[in-house]
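The values are calculated or read from the model by the stated rules, or taken from the named source; none is laboratory data. Bear in mind the structure is a predicted one, so any value in this text is a computation, not a measurement. Note: ideal-geometry Cβ built from the backbone for every residue, glycine included; neighbour counts use all protein chains shown. Ligands, DNA and RNA are stripped out before the accessible areas are found, and what is left, the full protein with its side chains, is counted by its heavy atoms. Shrake-Rupley method; radii C 1.70, N 1.55, O 1.52, S 1.80 Å.
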Amino acid sequence: MILKGSDYEMGFQYGQQAVQHIGMRLDTIWAETLQQFAYDEVLHELAEAQKHIKGSTPEAADLMKGIADGATAAGFKMSYIDVLLLNVQPRKPEEPATDGCSGFAAWGKTSKDGKLVCADSADAAKNPNVTIVGFPDKGNAYLVKSFVVGVPITHPGINNKGLAYVHHGGG
C-alpha cells in the first residue's frame, strides 16, 4: 500500500484501501473487549489513551481520524473511537498478552555484506498483513509492515535515512 500526504490524508488512503479487513477485525475486537469490560469502562480507557496520544504523538491521532473517515467514505461506517480501540486494546492488568512475535537484526560482521538485515514474524494468526510505503508531507519516507490491519504502524520498519525499527513486546 502506498500512502502520500499529510498524516490525515495518509490515514484516509489507508482506511479506503484496507476497509474490508479493518471491518472484519473491528467487529472481533469490539466483541472481545465487551466480554471483559463494560462499554463505559472501554470509553474511559480510550479517553486516557487519547490524552497520551495527543500529548506525545498528535500525528497518530490525525492518522487515526483519517482511517475512520477513509473507511466511512469507502462504505464502512467507522468512528475515531473504533480506530482508537484497534490501536489501544484495553486489557486487565492481571491478563498476560496471548500472542507474541519473534525477530532478528544483523549487520556489520554478522551479515554477508555488512549491511543491515532484519526480519520478524507475528506469531499470532490475526489477519492479513499490510506493507506500507509512506511518503509523508513532513518527515522521512518509510517502509513498514502492519501485521494487524487497522493499526497502520507496527514493526519492522525502516526510513529513507536508514533508521530501522523492530519491536517485540508482550504483556
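Tell me, what ³J(HN,Hα) does each residue in segment 65-74 have, in order and in whole Hz, if you take phi through Karplus 6.51 cos²θ - 1.76 cosθ + 1.60 with θ = phi - 60° and put x for Gly and Pro?
Values, residue by residue: 4, x, 4, 4, 5, x, 5, 5, 5, 8 Hz.
If we sort 2-11, 74-83, 132-141 on the protection proxy, mean other Cβ atoms within 10 Å, highest first, what's the order? Don't jump to the answer; show the numbers that get you there.
Details: 2-11: 18.6, 74-83: 17.1, 132-141: 14.4.
Packing order, densest peptide first, comes out as 2-11, 74-83, 132-141.
Name the residues of segment 53-94 whose amide N is less than 12 Å from a point 7 angstrom out from the Cα of Phe37 along the C-beta direction?
Residues 82, 84-93 qualify, since their backbone N sits under 12 Å from the label point.
Determine the per residue accessible area of segment 1-91 with all protein chains present and a 1.4 angstrom probe, expressed in square angstrom. Mind dumping the intermediate values first?
Working: 4730 Å² over 91 residues.
Using a 1.4 Å probe on heavy atoms only, each residue of segment 1-91 averages 52 Å².
How big is the charge dipole of segment 1-70 about its Cα centre, in debye rounded to the nearest 20, if each Lys and Arg gets +1 on its Cβ and each Asp and Glu gets -1 on its Cβ?
220 debye
Counting only residues 5 or more places away or on other chains, whose amide H sits under 5 Å from the amide H of Val151 once H atoms are built in the peptide plane?
For Val151, whose amide H was placed from the backbone, there are no distant partners under 5 Å.
Which entries of Lys138/Lys161; Lys115/Lys138; Lys4/Lys145; Lys4/Lys138; Lys115/Lys145 have Cα-Cα distances beyond 18 Å here?
Details: Lys138/Lys161 14 Å; Lys115/Lys138 27 Å; Lys4/Lys145 16 Å; Lys4/Lys138 10 Å; Lys115/Lys145 20 Å.
Listed pairs above 18 Å: Lys115/Lys138; Lys115/Lys145.
From the square roots a ≥ b ≥ c of the eigenvalues of the alpha-carbon gyration tensor of segment 25-79, which class results: rounded (a/c under 1.5), prolate (a/b over b/c), or oblate?
Oblate, since a/c reaches 1.5 and b/c is not below a/b.
Take the Cα of Lys92, step 7 Å along the line toward its Cβ, and report every residue of segment 37-52 whose backbone nitrogen sits under 19 Å from that point.
Hits in segment 37-52 for Lys92 at 19 Å: 37-46.
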